[in-house]
Amino acid sequence: MRETLPGERATPVDLTVYEAFPFSGGCREIWRRGEHLLIGVSPGNSYFSHRRIAELVGWGLEFFERIDIVQADLHVEAQYETFGYTPEHAQRRAAKEIKATARRIARGVEEAGGPDGVRTHALSAFTGHPAYRRLHRQVVDALDADREFRAAAEAMARGFLAARLDEGLAPNEPQLAAGLRYIAAELPFFLDTPALLGVPSSVSCYHLQLPLTPVLFGREEGLRAAPGQAYAVVRPAAPTAAAGAAARSRAA
């Protein structure tokens, strides 16, 4: 049975800078092992400023032996094409976003002190990895055969595409298909980061609960995350909570 979700009554892992909500009891056990944290960063996502990345790295190293940051850089240009860009313009626009995101990640890690135990990767670097290819095939097959998984993936794609659409508009079929390809490329890291990065266990984190989280981490059948894979919402702590925790820390 899952633990309380963000917004419900729960005790977060830490309140000094960020607060973390592992999705389930199993996810919390993996969190407590403190072996590995995965941070995924998408191009064009303004949430992941260089300052935010620096904070997350510094905070995460208090709990985890290693941190890997993976930048999503696959199928970005295809999305722009579905929004009317020519192939050449879409490629230039995607390349610009991907480079800007890589610079933010590098600057954030540098501002965190360039600590040992932190690595950065482009998602495209894994496409030839046997484990990645196996996991990606499982995702593609589930999109075809698993209605619950497909519905959650489409909801996730719609949420991602909403930032590129005028308010109130829904994505058309080509846009939704491009969004699903983009998400499918990322999902191997939600399924089994240990197999991809050679770590004993891993917590994949994001600042929001995702529609696919209860599907991959909460059900008993269908495509699910590997036993060593966990998910947690990690978000900035509320100012009053953070101040109270800091005061308690100073008093101690």
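From the helices alone, meaning DSSP H stretches of at least four residues, give me the mean residue ellipticity at 222 nm for the chain, per-run term -39500 (n - 2.57), in deg cm²/dmol to the nearest 500. Here the helix-only value at 222 nm equals -15000 deg cm²/dmol. Once the Cα atoms of helix 173-186 and of the chain are each reduced to a long axis, what angle between those two axes, in degrees from 0 to 90 to the nearest 10, is obtained? It is inclined by approximately 40 degrees.
Dipole of the stretch 18-251 computed with +1 at Lys/Arg Cβ and -1 at Asp/Glu Cβ about the Cα centre; of SER42, LEU74, PRO87, farthest Cα towards the positive end is SER42. Within the stretch 18-251, antiparallel bridges make up roughly 20 percent of the DSSP beta bridges whose residues both belong there. Within the listed set VAL109, VAL17, VAL234, the residue fluctuating most in the Gaussian network model of the chain (springs between alpha-carbon atoms under 10 angstrom) is VAL17.
What separates the Cα centres of the stretch 87-103 and the stretch 51-80 is a distance of 18 Å. Ranking PHE149, GLY113, ALA177 by Cα position along the charge dipole of the chain, where only Lys, Arg, Asp and Glu carry charges on their C-beta atoms, puts GLY113 farthest toward the positive end. Other residues with beta-carbon under 15 Å from the beta-carbon of LEU196 carry, at +1 per Lys or Arg and -1 per Asp or Glu, a net charge of +1.
When you count the other C-beta atoms within 10 angstrom of each residue and take the mean per peptide, 115-125, 61-71 line up highest first as 61-71, 115-125. The residues packed around HIS50, meaning those with a beta-carbon under 9 Å from its beta-carbon, carry a net charge of +3 if Lys and Arg are +1 and Asp and Glu are -1. If you take the square roots of the eigenvalues of the alpha-carbon gyration tensor of the stretch 181-223 and sort them as a ≥ b ≥ c, do you get rounded (a/c under 1.5), prolate (a/b over b/c) or oblate? Rounded. Provide the FRET efficiency to the nearest 0.05 for the THR86-ARG134 pair, computing r from the beta carbons and using R0 = 25 Å. For THR86 and ARG134, the calculated efficiency is 0.10. Computed from Cα positions, the angle between helix 130-145 and the longest principal axis of the chain comes to roughly 70 degrees.
Values in this text are rule-based calculations from the coordinates and carry no lab data. These numbers were taken from a predicted model, which means no experiment stands behind them. We place every Cβ from the backbone using ideal geometry, glycine too, and count neighbours over all the protein chains shown.
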